[in-house]
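Structure record follows, encoded as C-alpha cells.
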Amino acid sequence: MKRRHYYLIRVQFLGFRYSGWQKQPGQRTIEGMLLKTLKYILPQQKLKILGAGRTDAKVSALDAAFELIIEETPISDISDFVKLFNKNLPSDIKVIKVDEVDKNFNIIKDSKFKEYCYYFSYGEKNHPFCAPFMANILEDLDIEIMTKAAALYKGTHNFKTYTAKPGENKQVTRTLSYCEIIKNTEIYASFFPKNSYVLRICGKGFMRYQVRMIMGALIQLGRGLLSLDEIERSLMEETDIKISYIAPGSGLVLHKLEFV
C-alpha cells in the first residue's frame with residue numbers, strides 16, 4: 001500500500017485578479033495557480049490539495065490554508081520547499097508556513113474559527129489604487145446605525161436570508177462570536193481615503209455569500225433602504241425579509257483561520 005504524506009500549508013493572497021479559490025475551467029483561480037505551481041516544482045509526484053474553504057472572486061486572504069497530500073515521497077526539506085514554492089508562485093500569492101500533519105487531520109471539520117474583515121469607505125470616490133483592498137460606497141452612509149445593527153448578528157441565529165439558494169439540508173443556524181464595525185487601522189496606504197471602516201466578523205464556519213450579504217444589508221441600512229427592525233426580523237426563523245444586495249468581493253479579507 002502506498003504511503004501518503006499530509007501537510008498543512010498557510011498562504012496569503014490578493015484575490016483581485018482571481019475568480020475565487022475553486023479551480024474552474026478557463027478561469028484564473030487561487031487553487032488552480034497553486035496546483036499548477038506544485039505540479040511544476042514536484043514533477044512526477046502524485047498529489048492533491050484540499051482547501052479550508054472557498055473564497056469568492058476578488059476576495060483576499062491574510063491567513064488562508066490548504067492541505068497538501070503527496071503519495072510516496074515526502075518533502076525532504078520544508079524550508080527549501082517553501083522557498084522554491086514562493087519563487088515559482090506569482091507575486092500576489094505567498095506561502096507563509098508548512099507543517100506536517102497526520103492522516104486524521106480534517107481541514108474542514110478541524111476548523112476552530114474564521115475571522116473575516118470587510119474594508120469599506122463611503123461618500124467620495126476613492127483613488128483607483130484602493131480598488132483591490134476596499135469597497136467604495138459612493139452614497140452617504142449612517143455609520144452609527146450600521147454599527148448598532150452589526151452587533152445584532154452576534155450570537156446564534158437563523159441565517160437563511162444570508163446565503164445563496166439555501167437548500168433544505170443546509171445548516172443555516174450559525175453562531176457568530178463577534179460582529180462589529182470599527183474604524184480601519186489595520187491596513188493603510190498613502191492613497192487611502194482619510195476615513196475608512198471595517199466589519200469584523202468571526203464564526204466557526206460561513207455559508208456562501210454570508211459575510212457579503214451581512215455587509216450588503218448593513219450598507220442598505222446605512223443608505224436608509226432597510227430599517228433596524230427589518231435587520232432584526234431578517235434573523236428570525238420565519239421571516240419575509242429578503243436581502244437583495246451582495247456587497248462587492250474586493251473589500252473582503254479572510255483575516256485569521258485557527259484549527260483545533
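A short reminder: the numbers here are calculations on the coordinates, not readings from a lab. All of these numbers come straight from a predicted model, not from anything done at the bench. Don't worry about glycine lacking a Cβ; one is built from the backbone with ideal geometry, like all the others, and counts go over all protein chains shown.
Which number comes out as Rg/Rh for segment 4-101 once both Rg and the Kirkwood Rh are worked out on C-alpha atoms? Walk me through the intermediate numbers first.
Values: Rg = 12.6 Å, Rh = 13.5 Å.
My calculation puts Rg/Rh at 0.94.
Separation of segment 13-68 and segment 160-218 by C-alpha centroid, Å?
22 Å
Charges only on Cβ, +1 for Lys and Arg, -1 for Asp and Glu: so what's the dipole of segment 95-159 about the Cα centre, in debye to the nearest 20?
Charge dipole of segment 95-159: 280 debye, to the nearest 20.
Under DSSP H, which helices of the chain have Cα atoms covering 27 Å or more of the helix axis and a Kyte-Doolittle average no less than 0.5? It would help to have the intermediate numbers written out before the result.
On the way: long enough: none.
None pass (Cα extent of 27 Å or more, hydropathy at least 0.5).
Most exposed first by the Cβ proxy, i.e. fewest other Cβ within 10 Å, how do 114, 87, 23, 39 rank?
Placing the least packed residue first, the sequence is 87, 39, 23, 114.
Using the Cα centre of segment 111-259 as the reference point, and only Cβ charges (+1 on K/R, -1 on D/E), how large is the resulting charge dipole? Debye, rounded to the nearest 20.
Working: 19 positive and 16 negative charges, 119 e Å.
That gives a dipole near 580 debye.
Apply the Kirkwood formula to segment 154-229: the hydrodynamic radius equals the inverse of the mean of 1/r over all pairs of different alpha-carbon atoms; give it in Å with one decimal. Please list the in-between numbers first.
On the way: mean 1/r = 0.0707 Å⁻¹.
Across segment 154-229, the inverse of the average 1/r is 14.1 Å.
What is the mean projected area of the alpha carbon convex hull for segment 109-260, to one decimal in square nanometres? The partial results should precede the final answer.
Details: hull surface 36.3 nm².
Directional mean of the projected Cα hull area for segment 109-260 stands at 9.1 nm².
Is there a pair in 39/97; 23/148; 97/183; 154/183; 2/112 whose C-alpha atoms are over 28 Å apart, and which pairs would that be?
Working: 39/97 19 Å; 23/148 38 Å; 97/183 30 Å; 154/183 19 Å; 2/112 31 Å.
Table pairs above 28 Å Cα-Cα are 23/148; 97/183; 2/112.
Calculated FRET efficiency, residue 180 and residue 127, Cβ-Cβ r, R0 25 Å, to nearest 0.05? Mind dumping the intermediate values first?
Numbers: r = 26 Å, r/R0 = 1.05.
E between residue 180 and residue 127, to the nearest 0.05, is 0.40.
May I ask for the Kirkwood hydrodynamic radius of the chain, worked out over all distinct Cα pairs and given in angstroms to one decimal? Don't skip to the answer; put the middle values down first.
Details: mean 1/r = 0.0509 Å⁻¹.
The answer is 19.7 Å.
For the chain, set up a Gaussian network in which alpha carbons nearer than 10 Å are linked by springs, and say which option among 18, 188, 178 fluctuates the most.
Among 18, 188, 178, the largest mean-square fluctuation in the Gaussian network model of the chain belongs to 188.
Which value, in debye to the nearest 20, describes the size of the charge dipole of segment 4-101 about its Cα centre when Lys and Arg Cβ atoms bear +1, Asp and Glu Cβ atoms bear -1, and nothing else is charged? Working shown, then result.
Details: 15 positive and 11 negative charges, 84 e Å.
In total the dipole reaches around 400 debye.
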